[in-house]
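Have a look at this one before I ask anything.
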Amino acid sequence: MTTRIGVEEEFHILEVESGLLVPRAGAVLRRLPQHTFTTELHQSTVESNSAVHASLDDLYADLSRTRRRLDAAASSLGLAAVAAGTAPLAPCASGPPTADARYRHMVEEYRRVADEQLICGAQIHVDVPDRDTAVGVMCAVSPWLPVLLALSASSPFWQGSDTGYASWRTLLWQRWPTAGPVGCFPSGADYDAAVRDLVRTGVISDPGMIYYDVRPSAHLPTLELRICDACPRAETVVLVAGLFRALVTEARELRAAGAAGCDGRHEWMRGASWRAARSGLEGTLVDPRTHREAPAADVVLQLLARLRPALEAHGDWQSVRDLTAAALADGSAAERVRRRAREEDLLACTDMLIAETRGERRHRRPAPVARRKIPPTIAGAAGSGAPEVLGS
């Protein structure tokens, strides 16, 4: 039986002329169906929820349709939606939080960590039969998750400056007290007990604030991947979804055969995630098999070869192989954004991200310079001499 998948995507809401985030998610959401779109912590972010799908083709059609609907709603207000870990010209704040008691508590408790949560991710859900399976599989797939982060990396710029990272979102995200690699748990009951202990400490307010790179969903019978940046191209989301489903399938088969899916050593994984955030697809990654650096493309292709049986079982091999080849040929979204910045400027980067989020490959020409200027508050940062080449 085919294992089903679903996706949650987060989008920045931008003012087209300036490229800046604007707290107008509410106005956009009023033009969209509530069962598909919802709010997030900041009023400059909209989240979409896909239907549940058995095939990658159906998932792609769903994501593309949802993005078109979001774009139409935003465009009618002179705004645009961008799927990327960070918006190139994001300010340090974007208005008050969404009017919700939980969000107000998060802002009051976590202060700047919450204030600067102007980041977007893509979460992939894969069906699992029960909580014990979810927790066992969670442990087994964890070593390969930094590779999926590298494929999704789309956030090199922060507040108008090149951070030197492919996924600066990862560094911002990991400031939350429960973010990052997850440990091993003997059973679902042990995992849930650990979550209850964290809530009792007051460090987090509810199980929804477990922000591990992968986790059993708090409200669905799924295993949820949370390590990835939001991806400008829907194809990248589909690629990551196909690989993650294959990882889960492989881990379930090993578990059913009584094979150990994990050696219990997770202490190296945070470093591996840092390397993926730093390098993306353009530098090196930590090879999960050897714990040594290796060219990113080699590690990606090793993962693809490893997962071929699981991909073939779902009918995904051809699609995922072609998407992987395209991703390695085109480079990460982070590198594409950097190239555009070198060729033009950060407003042109924003135009490119808007176009890719819409499903276009050709971005529109920027408006005349007299009408489109980089805002003075970040113009200085954009020329701060930050590194241009990833992995240098």
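Please report, as a whole percent, how much of the solvent-accessible surface of the chain comes from carbon and sulfur atoms (probe radius 1.4 Å).
51
On to the next question. So the label point goes 7 Å from the Cα of residue 265 along Cα→C-beta, right? Which residues of the stretch 275-314 then have their backbone N under 12 Å from it?
In the stretch 275-314, the label zone of residue 265 (backbone N under 12 Å from the point 7 Å along Cα→Cβ) covers 288-292.
In addition: Can you bin every Cα-Cα distance in the stretch 289-333 into 5 Å intervals starting at zero and give me the percent of pairs per bin, rounded to whole numbers?
5, 21, 28, 20, 16, 9, 1
Taking Cα pairs under 8 Å and at least six residues apart, what relative contact order does the chain come out at, in percent?
21
Which of (1) 21.6; (2) 18.0; (3) 23.2 is the computed mean projected area of the Cα convex hull in nm² for the structure on display?
For mean projected area of the Cα convex hull in nm², the calculated option is (2).
Taking the Cβ-Cβ separation of residue 321 and residue 112 as r and a Förster radius of 41 Å, what is the calculated FRET efficiency to the nearest 0.05?
With R0 = 41 Å, the Cβ-Cβ based efficiency is 0.45.
Separate question: Arranged from highest to lowest average of other beta-carbon atoms within 10 Å per residue, in what order do the peptides 211-219, 43-51 appear?
Sorting 211-219, 43-51 by mean packing, highest first, produces 43-51, 211-219.
Once you have the Cα-Cα distance between residue 35 and residue 190, take 0.36 nm times their residue separation minus that, and quote the gain in nm to one decimal.
52.5 nm
Give me the distance between the Cα centres of the stretch 163-213 and the stretch 265-321, rounded to whole Å.
Cα centroid to Cα centroid, the span is 22 Å.
What ranking, highest mean first, results for peptides 328-338, 295-305, 226-236 when packing means the other Cβ atoms within 10 Å averaged over each residue?
226-236, 328-338, 295-305
Between residue 201 and residue 49, take the C-beta separation as r, use R0 = 25 Å, and let me know the FRET efficiency to the nearest 0.05.
0.25
Then there's this: For the chain, with every protein chain kept in place, what is the accessible area per residue (1.4 Å probe, Å²)?
Each residue of the chain exposes 41 Å² on average to a 1.4 Å probe.
Just to be sure I understand the model, the point goes 7 Å from the Cα along the line to the Cβ. What's the resulting residue 101 to residue 361 distance in nm?
The modelled label-to-label distance comes out at 5.1 nm.
The values are calculated or read from the model by the stated rules, or taken from the named source; none is laboratory data. No experiment lies behind these values; they were computed from the predicted model shown. We place every Cβ from the backbone using ideal geometry, glycine too, and count neighbours over all the protein chains shown. Side chains are part of the model used for accessible areas, which takes the heavy atoms of the whole protein and leaves out ligands, DNA and RNA. Shrake-Rupley method; radii C 1.70, N 1.55, O 1.52, S 1.80 Å.
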